[in-house]
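A.B. asks: Sharing a structure, written as structure tokens. Questions coming.
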Amino acid sequence: MSMKRVAVINLKGGVGKTTTAVNIAACLGQKGRRVLLIDMDPQGNATLHIGVRENGKALLNALQSTTPLPVQDTEFSGLQLVPSGYLLSEARERFSKAMGRDLLLRTLKNSGDNWDWVIFDCPPSIEVLTQMALNASDSLIVPVEASFLGLAGLEQLIMILQETFRTDTVKERIMAVVPCRAHPRRRIHDTMMKELNRIFPGKVAPVVRETVALTEAPQAGKPVIYYSGRSAGAKDYRDVTEWLLEKTG
Ligand SMILES: Nc1ncnc2c1ncn2[C@@H]1O[C@H](COP(=O)(O)OP(=O)(O)O)[C@@H](O)[C@H]1O
Ligand SMILES: [Mg+2]
């Protein structure tokens, strides 16, 4: 089976990128897949969510010398992590967008191919670190907030991706659009879901509801399936993962 390389991307902050990257990675690991989660955001939120504290220097160095990535084992089944931290933000000064874009892919290729899934958590802007992740991935997962502004942000994202890849086949690269932080009983929810299904037929994942366990799990340093296995959040991310596996085989 070939290694899937997936960037979790949206240019908006707070939509659920990190939550989605961490929890899909953990669910895939629990399902017996070998998963590498790469935190490309200098805020290091995915790293903290896994319960790891790091400054990001090792990842910066690896990118600079294209030596193997600083892969760590985690306490979670099937899941390995490349941690990040504030020092990774130096990449913005060190590498230009044009020069930097293929560094991550080269570095990843020098790190072996021991994984079924490699998942990149991206920062919320189109900068060199995001460019690296886009260039290193073969498909995209786009978390989107179920709101009018969420939908507007999605249209912007598609346009920017089209420029980045200089192609209008961006939609084909999208493996899944994941409605996050959803309130299914609000009227806007149905409107939004209809619109998403119209724009991305067959690509809209099961909904992830706004729930307490998902807000609390990062502080505990655990993916939600380990923090509260019976919670709605755990169920929702298991469903999304199951759906992804059915789709991708
Ligand atoms: N479905 C959800 N239910 C409740 N809280 C959520 C949910 N998804 C994300 N959050 C919370 O919202 C905040 C932003 O989510 P995050 O995944 O960090 O977004 P991003 O990476 O896009 O900036 C975090 O505090 C996170 O715990
Ligand atoms: Mg994030």
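A.B. asks: Assuming R0 = 22 Å, what is the FRET efficiency of ARG186 and THR215, from their Cβ-Cβ distance, to the nearest 0.05?
C.D. replies: Rounded to the nearest 0.05, the efficiency is 0.75.
A.B. asks: Per residue, how much space in cubic angstrom lies within the convex hull of the C-alpha atoms of the chain?
C.D. replies: Here the figure is 110 Å³ per residue.
A.B. asks: How much of the DSSP bridge set in segment 4-236 is antiparallel, in percent, rounded to the nearest 5?
C.D. replies: Taking every DSSP beta bridge within segment 4-236, about 5 percent pair in antiparallel fashion.
A.B. asks: Still on this structure, I have one more. Show me the trypsin sites (Lys or Arg not before Pro) within segment 102-173 that DSSP assigns to loop and that have at most 14 other Cβ atoms within 10 Å of their Cβ.
C.D. replies: Sparse-neighbourhood loop trypsin sites (Lys or Arg not before Pro): ARG166.
A.B. asks: What are the ³J(HN,Hα) couplings of segment 12-22, residue after residue, when phi is run through the Karplus curve with 6.51, -1.76, 1.60 and θ = phi - 60°? Round to Hz, x for glycine and proline.
C.D. replies: Running phi through 6.51 cos²θ - 1.76 cosθ + 1.60 with θ = phi - 60° gives 7, x, x, 8, x, 4, 5, 4, 6, 4, 5 Hz.
A.B. asks: Can I ask one more? Please state, to two decimals, what the Cα-based radius of gyration of segment 169-249 comes to when divided by 2.2 N^0.38 Å (N = residues).
C.D. replies: 1.19
A.B. asks: Okay, moving on. Could you run the Karplus curve 6.51 cos²θ - 1.76 cosθ + 1.60 with θ = phi - 60° over segment 58-68 and give me ³J(HN,Hα) per residue in whole Hz, x for Gly and Pro?
C.D. replies: Going residue by residue, I get 4, 5, 4, 4, 4, 5, 5, 9, 6, 8, x Hz, with x marking Gly and Pro.
A.B. asks: Mind listing the Cα extents of segment 106-249 along all three principal axes, in Å, largest one first?
C.D. replies: Projected onto the principal axes, the Cα atoms of segment 106-249 cover 42, 34, 30 Å.
A.B. asks: With the contact rule set at Cα under 8 Å and sequence spacing of 6 or more, what percent relative contact order holds for the chain?
C.D. replies: That works out to 25 percent.
A.B. asks: For a bin width of 5 Å, list the pair-distance distribution of segment 1-131 built from all Cα-Cα distances, rounded to whole %.
C.D. replies: 2, 12, 23, 26, 22, 12, 3, 0
A.B. asks: Helix-only mean residue ellipticity at 222 nm, the chain, DSSP H runs n ≥ 4 weighted -39,500 (n - 2.57), per residue, nearest 500. What is it?
C.D. replies: Helices in the chain give a 222 nm mean residue ellipticity of -13500 deg cm²/dmol.
Bear in mind that the values in this text are calculations on the coordinates, not laboratory data. Fair warning: this is a prediction, and the values are worked out from it, not measured in the lab. For neighbour counting, all protein chains shown are included, and Cβ atoms are generated from backbone atoms with ideal geometry for every residue, glycine included.
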